[in-house]
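The values are calculated or read from the model by the stated rules, or taken from the named source; none is laboratory data. Quantities reported herein were computed from a predicted structural model and do not represent experimental measurements. We place every Cβ from the backbone using ideal geometry, glycine too, and count neighbours over all the protein chains shown. Side chains included, ligands, DNA and RNA excluded: accessible areas come from the protein's heavy atoms. Shrake-Rupley method; radii C 1.70, N 1.55, O 1.52, S 1.80 Å.
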Amino acid sequence: MNVTEEFLQKIRQLDGFKNAIITNIDVFTRKKTVCFYLVTDLTYSESVLPEAEAIASGYMPAGFIAVVHAEKRTPDEALLRQEILRFMKNRFPAASAFLKEEYIEVEKRENGAIFCFVLAAGEQALFTADNILDEVAKHLCGTFCGTYFGNVKITEKEREALEEEIIEDADAPKIRVFPVTNFKKLDGAEPEPKYATYMADCNSQAENVCVCGRILSINQRESKKGKEYYSISLTDDTGNLRGVYFPKKNTADKIALLTPGCEIACTGDFELFNGNLSYAIKKIDYGAPPEGFVPEKLPGRKVPKGYHHVFPEPYEDYTQSGFFDDLELPEDLKAQTFVVFDIETTGLNSSPASGKVDKIIEIGAVKMQGGNMTEKFSSFIACPEKLPPNIVELTGIHDEDLIGAPDIESVLADFYKFTDGCALVGHNVMFDYRFVKYYGEKYRYFFEAKTFDTMTIGQEVLRGEVTNFKLNTLADYYNIHFNHHRAFDDALTTAKIFQKLVKTRGGLQGL
């Protein structure tokens, strides 16, 4: 028996304190006073407090006196539901996004209560991770008298039926190009490129591909073998990409003069490197998209009128009040609507040119309007194949979690509606975006959104502050706790990091 249990055993022998608990102890060194705060569920007399103080005095350091404050607190079902919801928002914000007060059932017992989270199929994994039930029960035991136990209940949440929509057929996707203007030799590509491929369409291995746009960033690096090269980020307003260029002796001085904002035309090969598609630049020349260039839109399915399988719900993050003062957010962050998203997959391959494309098994997203998170979107996705053991270990998602989940076409239709008119944000965003674009094009939902990458922004804002730019590293830097490698948790964490990075950066200009 430890000291606390010994102390409570003596206190509980007093009239009215049979089930008493300690909620706090304050030490005032100047006044040499220790205050004990007790909660009881029984009626007690103030005359008992001196007896409690006499017991407490036996545990005081020399020269200190004990003061006991007591409060009768008997929670009903409503108060317990409110306290559970408050604790969940504070301790487990990602899981709390799926909770409303009506989704918490409470059954009072003679000495405590049993609480139950009512969840839809696929949501239970969030609540069985991180010992959430045990943590809630522990919190209630430290707040109210009695013993508390938790459980989950899976139910089918009814949704209003929607009229069937007629989706018109769309043409098969094609690779789009635009004319290269203002061409001027630097490296001297041969033959001179006449057309550039949309960066948004550069999603497979290919040789001698010309892209054209403005430089977002250009940094000189050194390879492990000591060879100098440039890491160049580009955009043509259809998408962004990053290329690697090894300068030649006769053009090195000219390349060194290139700065962000310069418009260039590059020719190179798209290759797989460590499982990711990379652009190896062979030639760099000056060039620009046509003046007033407006990207051509591919024909595809219309945005659905309503949600049919995944239904977004309002989301309110408790940290938005106080921590993110609306007046301090950059205006361009408040002016745009963003969807911050993350996916979990069965592997790394999103390119048919590299073999079988891996499956998406979960999508999680949060919508940001006016600089604050306002809606959440989350769904498992049915997978016809057994999940690889390494993916189960990495994500905590099991085959049984995907039973009854909607298929990829159904989820993407709802995600297409959720992201309509929004810029997309992710951590290493192009990894996730390539999967979404590949499967979107397969079902004629063409995702054509501006993207922002918190990894790239972090490299700009936090260089020298962190050892690497992984999501969990940035989360640790900002003291954000989350369940890594689960889609909604990762998306919510990315959204918070995005807010902080853009705020530190002073806005989105140049991204």
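Placing unit charges on the Cβ atoms of the charged side chains and taking the dipole of the range 390-511 about its Cα centre, the candidate lying farthest along the positive direction among 423, 498, 510 is 510. When the listed pairs 367/470; 356/496; 248/470; 254/283 are checked against a 24 Å cut-off, the alpha-carbon distance exceeds it for 356/496; 248/470.
Heavy-atom accessible surface of residue 447, to the nearest 10 Å², is about 10 Å², with a 1.4 Å probe and all protein chains retained. In the context of the full protein assembly, residue 141 retains an accessible surface of approximately 50 Å², using a probe radius of 1.4 Å and ignoring ligands and nucleic acids.
Lys/Arg Cβ at +1, Asp/Glu Cβ at -1, dipole of the range 231-300 taken about the Cα centre: which of 279, 299, 245 is farthest positive-ward? My answer, from the dipole projection, is 245.
The aspartates and glutamates within cross-link reach of residue 138, meaning a Cα-to-Cα straight distance under 14 Å and a gap of 8 or more places when in the same chain, are 83, 130.
Here the calculated FRET efficiency for residue 249 and residue 328, from their Cβ-Cβ distance with R0 = 41 Å, stands at 0.25, rounded to the nearest 0.05.
With each label modelled as a point 7 angstrom along the Cα→C-beta vector, the residue 223-residue 335 pair spans 4.3 nm. Relative to the dominant Cα principal axis of the chain, helix 408-418 is inclined by about 90°. Note on volume of the Cα convex hull per residue in Å³: of the candidates (1) 180; (2) 139; (3) 209, the value calculated from this structure sits at (3). Loop sites by DSSP among the GluC sites (Glu not before Pro) of the chain, restricted to those with at most 13 other Cβ atoms within 10 angstrom, leave 169-290 as the longest stretch without any of them. When the C-alpha to C-alpha distance is required to be over 28 Å, the pairs from 184/503; 10/72; 184/442; 89/503; 184/334 that qualify are 184/503; 184/442; 184/334. Inter-label distance, residue 12 to residue 131: 2.2 nm, where each label sits 7 Å from its Cα along the C-beta direction. Residues in the chain average 50 Å² of solvent-accessible surface per residue, probe 1.4 Å, ligands and nucleic acids excluded.
Relative to the longest principal axis of the Cα atoms of the chain, helix 77-91 runs at roughly 40 degrees. In order along the range 371-378, the phi-based Karplus estimate (6.51 cos²θ - 1.76 cosθ + 1.60, θ = phi - 60°) of 3J(HN,Hα) comes to x, 10, 6, 10, 9, 10, 9, 7 Hz; Gly and Pro are listed as x. Using a cutoff of 8 angstrom between alpha carbon atoms and counting only pairs six or more residues apart, the relative contact order for the chain works out to 11 percent. Taking Cα atoms only, the orientation of helix 132-143 departs from the longest principal axis of the chain by about 40 degrees. Placing R0 at 35 angstrom, the Cβ-Cβ distance between residue 43 and residue 154 gives a FRET efficiency of 0.30 after rounding to 0.05. In a fully extended conformation the segment linking residue 65 and residue 297 would gain 75.8 nm over its present Cα-Cα distance, using 0.36 nm per residue.
Label zone (residue 282, point 7 Å along Cα-to-C-beta; backbone nitrogen cut-off 13 Å) within the range 176-218: 188-193, 206-211. A Förster radius of 30 Å combined with the Cβ-Cβ distance from residue 242 to residue 309 puts the calculated FRET efficiency at roughly 0.30. Between residue 175 and residue 192, the modelled labels are 2.3 nm apart [label points 7 Å from Cα along Cα→Cβ].
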